[in-house]
1. Working carefully through the options LEU288, LEU249, find the one that is at pLDDT 95 or above and within 22 Å of LYS207 (Cβ to Cβ).
2. Of the residues GLY151, GLY140, which single one is closer than 22 Å to GLY189 by Cβ and at pLDDT below 95?
3. Go through (1) among the hydrophobic types (A, V, I, L, M, F, W, C); (2) touching a Leu at 6+ places or on another chain (Cβ under 8 Å); (3) crowded, with 24+ Cβ neighbours inside 10 Å and name the single condition VAL244 misses.
4. For the stretch 104-146, which residues satisfy the criterion of being under 17 Å from the mean Cα position of the chain (by Cα) and assigned to a helix (DSSP H, G or I)?
5. Please tell me if ILE112 is more than 15 Å from the ligand (Cβ to nearest atom), at pLDDT 95 or above and aliphatic (A, V, I, L, M).
6. Among what's in the stretch 295-307 and is charged (D, E, K, R) and under 19 Å from HIS248 (Cβ atoms), pick the residue that is nearest to the ligand (Cβ to nearest atom).
7. Report, by residue number, each residue of the stretch 60-108 that is crowded, with 24+ Cβ neighbours inside 10 Å and modelled with pLDDT under 90.
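The values are calculated or read from the model by the stated rules, or taken from the named source; none is laboratory data. In this text the structure is predicted, and so the values were computed from the model without any measurement. Note that we place each Cβ from the backbone using ideal geometry, even for glycine, and neighbour counts take in every protein chain shown.
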Amino acid sequence: RMSSSAPAAFQAPSANQVRQNRQILEELQEQKKRLGSAGPKAGRESGGESSASGKQSQQQQQQQFKCALQMQQPAEQLHLIDCHAHLADACFLEDIDTVVQKAIKNGVQQAIVVSESIENFDRIFELQSRHPSFIQPCLGVHPVQQAGGPGLLVGGESRNRCVQLDDLEKAMPAIEAAADRLIGVGEVGLDFTPRWCPDEAARETQKAVLRRQAEFALRHDLTLNVHSRSAGHHCIELLHSLGVRRAHLHAFNGRPHYAVTGAQLGYYFSIPPEVVRDSGKQRLVAALPLDRLLLETDSPVLGPTVDQRNEPSNARLVLEFIAKDKAISTEAAAAALLDNTMKAYPRLARAQGVPNPQLLSSTPMMQNPQPLSPN
Ligand SMILES: [Zn+2]
């Protein structure tokens, strides 16, 4: 059933959260005064060296903001975010409420929901008005379109075709009109699978479609939620050449070496539940530092088993895999991944009362990314 009221731009933080965060900010300002330092400069534009006391104060701030996030949920409950899910897919039409409840029960409190084409846009906002805190919307045009219109992704690949400029022209006005309601632009990207991208012309079309959406994201300071099948390094190279700084590459299947380059450029990589059965994804987790990783499900595909519908609740499996790989506790991994998500999606962070997500990281962002290696 469609809700008649228009969904709000963002889920506003509760009065309680606002109060807590204001309190924290006041305490921080007092600490800063006591330490007599100028305090850390936020963001990666800050060029200055921080003093010893500045560093200390920055660490305290990081702790405080972490606490701020933890206070928003009941104790011992995890706050995991599925950073890439297709919940507008027809296979979730019947039981989306149950799917959301099950996710929350498993500690998956939110899902970044992406589109493939204009056909998904209305459904995404309908879902958001149904579950305003859970559903975090991205709109975008996928490099691969379904020839017969939207439907089940599972097993439907034979109906796929390469994106055309016309798909973008149709969708772009709606994406632009929704700019203030989005936390990112996606699913966008490149897919050089020969079956639907047979020649140079098709590649160039995909690049043009990605370029236009990347420019839109840059204009609105939105994060790109990126698909890069059989085009991992092409994708990273193009994003880098366009000056994109906020990008999240999902289900990356390029060589880990390229992912490491992307990580050095400041991009994030999300890991789907198929990591439990896919050695390529396992190598990716091993190759990347914890501070570049995010959780995703890519629901309804890329689940822990091949033939079952994937759901956001399965992001929990990814958390456990990452914790084990990095030899840390589940709780520590969850906290780190939440910080990463806030940094990767500043709009989501701001909506949740984290005004400066960059302070959440103990690892500074790279100031001057290295040029990409030629191959
Ligand atoms: Zn996807």
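1. Working: LEU288 fails: within 22 Å of LYS207 (Cβ to Cβ).
Exactly one residue qualifies, and that residue is LEU249.
2. Working: GLY140 fails: at pLDDT below 95.
From the options GLY151, GLY140, the qualifying one is GLY151.
3. The number of the failed condition is (3).
4. Hits for the stretch 104-146 are ILE124, GLN128.
5. Numbers: more than 15 Å from the ligand (Cβ to nearest atom): no; at pLDDT 95 or above: yes; aliphatic (A, V, I, L, M): yes.
Taking the combined requirement at face value, the residue does not satisfy it.
6. Step one: of the stretch 295-307, the residues charged (D, E, K, R) are 296, 298, 307.
When the remaining residues are screened for being under 19 Å from HIS248 (Cβ atoms), the result is 296, 298.
On the way: GLU296: 8, ASP298: 5 Å.
It comes out as ASP298.
7. PHE65 - this is the single residue of the stretch 60-108 that is crowded, with 24+ Cβ neighbours inside 10 Å and modelled with pLDDT under 90.
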